[in-house]
Amino acid sequence: MSISEGIEQLKALLGKPGSRAVIIPHISVDGDAAGSCSAFSGALEKAGVKCRILTCDYIPDYLRWLPRLSQAISFQDKAGYCKRLLREADMICMLDHNTMKREGDLEPWVRESKAVKVVIDHHPDPEAVDVVISNIRVSSTCELLYSVITEIWGREFLTPDMANALYTGINTDTGGLSHNSSHPETYRVIAELLESGLDKETVHRYIYETNKLSRLRLIGNILLNKLTVHPDYPVAVLPVTLGELESYNYQEGDLEGVVNIPLSVANIYVSVQVTQRKERIKLSFRSKGAIPVNEWARVHFNGGGHLNAAGGQCEGVTLEEVVQRVFDTTPWFFSTYVSV
Ligand SMILES: [Mn+2]
């Protein structure tokens with residue numbers, strides 16, 4: 001399905017008066033997922049579609065300022081209500097993720113729902129749902145959503161709130177326009193968002209200048225005491241235990257961006273954060289240049305993602321075992337995927 005076919009199909013769905021939509025971001029909501037949910041729910045409401053944002057976990061504090069995000073309903077708090085909304089919905093919009101597997105506890109109820117399912121996303125290989133609007137060349141789902149919204153309703157339709165939300169996704173998914181943002185179109189979209197009332201300073205202040213002392217100390221401890229570099233390869237590993245998260249009063253989003261920090265060192269090309277959570281060990285991979293960390297995540301850590309940014313997870317193993325697996329599979333990864 002081409003992007004314009006997808007947009008045409010979405011347009012036809014929106015033409016039905018009184019329809020009800022549910023919007024879902026991926027698990028561990030980031031700036032792009034939150035920004036796209038905020039902007040799209042604003043657009044749908046303005047177009048007369050009733051819509052609710054459902055999350056399988058929680059919106060992190062640094063993103064709760066986004067319009068309509070503080071009213072998102074968490075499955076953790078109101079499972080019954082979420083199930084009912086999914087059952088009664090005419091349309092379920094999956095934003096910034098390519099498969100229902102990224103919807104945590106919501107997944108079975110989304111699968112079961114008879115609603116028309118729509119994916120708007122920039123990750124490779126989207127699940128074949130009813131309507132797929134996917135483009136892996138854009139910087140972010142928010143950049144893609146800008147085209148979706150303006151093609152359906154026109155540029156005048158965008159409000160400053162929507163512009164701020166879309167910019168949040170573009171900015172955070174590119175690490176502040178540092179990676180995955182060499183396409184001129186990204187800057188045309190930003191220019192048009194500015195014309196629609198984007199308040200860039202306010203967005204930056206909310207995203208980057210809203211710190212807590214406990215978060216600074218958590219990050220400081222990881223960088224000072226935990227960061228390890230592979231003896232033979234340019235790989236940094238950042239192990240984080242559950243105990244550390246608890247003692248520094250961790251809240252969702254506190255470690256956002258930390259995995260990128262080691263890449264600022266000239267001779268480090270890959271950074272892997274290994275975080276112990278209650279039920280599983282989560283991995284986050286970042287790389288510089290043409291090093292496909294998504295392959296490493298896919299083959300050894302039940303994950304995947306983009307060339308330079310990927311994730312994975314392991315269950316039933318200790319943090320130490322996963323860190324060891326990262327070190328042990330490093331020679332395989334470099335010999336298979338990195339030409340020197
Ligand atoms: Mn994204």
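Each value in this text was obtained by applying a stated rule to the coordinates, not by laboratory testing. These numbers were taken from a predicted model, which means no experiment stands behind them. Backbone-built Cβ (ideal geometry, glycine too); neighbour counts: all protein chains shown.
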Exercise. Let me know the volume per residue of the alpha-carbon convex hull for region 240-303, in Å³.
Key: 96 Å³
Exercise. Using +1 at the Cβ of each Lys and Arg and -1 at the Cβ of each Asp and Glu in the chain, identify which of Leu283, Tyr62, Tyr146 lies farthest towards the dipole's positive end.
Key: Tyr62
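Using alpha carbon coordinates only, what is the Rg to Rh ratio of the chain, with Rh defined as the Kirkwood radius? The partial results should precede the final answer.
Values: Rg = 19.9 Å, Rh = 20.6 Å.
Ratio value, two decimals: 0.96.
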Self-check item: In sequence order, calculated HN-Hα J values of region 320-331 (Karplus, 6.51, -1.76, 1.60; Hz; x Gly/Pro)
Solution: 4, 5, 5, 4, 4, 5, 4, 5, 5, 8, 4, x
Quiz item: Counting Lys and Arg as +1 and Asp and Glu as -1, what is the net charge of the other residues whose Cβ lies under 13 Å from the Cβ of Pro17?
Solution: +2
Quiz item: Hey, rough spin-label estimate for Thr228 and Glu279, points 7 angstrom out along Cα→Cβ, what's it come to in nanometres?
Solution: 2.8 nm
Exercise. Rank-order 126-133, 15-22 by packing density, defined as the average count of other C-beta atoms within 10 Å over each peptide's residues, highest first.
Key: 126-133, 15-22
Practice problem: Using just the alpha carbons, could you tell me how many Å³ per residue the convex hull of region 143-193 encloses? | Solution: 65 Å³
Quiz item: Which GluC sites (Glu not before Pro) from region 233-294 combine a DSSP loop assignment with at most 16 other Cβ atoms within 10 Å?
Solution: Glu252, Glu279
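Please sort 179-188, 223-232, 139-148 by packing, taking for each peptide the average over its residues of neighbouring beta carbons within 10 angstrom, highest first.
Ranked by mean Cβ neighbours within 10 Å, highest first: 139-148, 179-188, 223-232.
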Quiz prompt | Fraction of antiparallel bridges per DSSP, region 213-337 only, in percent to nearest 5 | solution = 75 percent
Quiz prompt | Size of charge dipole - the chain - debye, nearest 20, with Cβ of Lys, Arg +1 and Asp, Glu -1, no other charges | solution = 480 debye
Practice problem: Assign unit charges at the C-beta atoms only (+1 for Lys and Arg, -1 for Asp and Glu), then state the dipole size of region 1-91 relative to its Cα centre in Debye, rounded to the nearest 20. | Solution: 460 debye
Quiz item: Ranked highest first by average number of other Cβ atoms within 10 Å, how do 160-168, 316-324, 291-299 line up?
Solution: 160-168, 291-299, 316-324
Quiz item: Counting each DSSP H run of 4 or more residues in the chain as -39500 (n - 2.57), what helix-only mean residue ellipticity at 222 nm follows after dividing by all residues, to the nearest 500 deg cm²/dmol?
Solution: -12000 deg cm²/dmol
Quiz prompt | Dipole axis of the chain (+1 Lys, Arg; -1 Asp, Glu on Cβ), positive-most option in Leu166, Ile190, Ser178 | solution = Leu166
Quiz prompt | Relative contact order (percent, whole number), region 1-153, Cα cutoff 8 Å, 6+ residue spacing | solution = 26 percent
Quiz item: Where the Cα atoms of region 1-124 are projected onto their three principal axes, how long is each span, largest first, in whole Å?
Solution: 35, 29, 27
Quiz prompt | Selected from Tyr250, Ile3, Ile222, residue furthest toward positive end of dipole (the chain; charges at beta carbon) | solution = Tyr250
Self-check item: Degrees separating the helix 3-14 axis from the principal Cα axis of the chain, which is the longest one
Solution: 50 degrees
Practice problem: Could you tell me how many degrees, from 0 to 90 and to the nearest 10, lie between the Cα long axis of helix 79-88 and the main elongation axis, the longest principal axis, of the Cα atoms of the chain? | Solution: 50 degrees
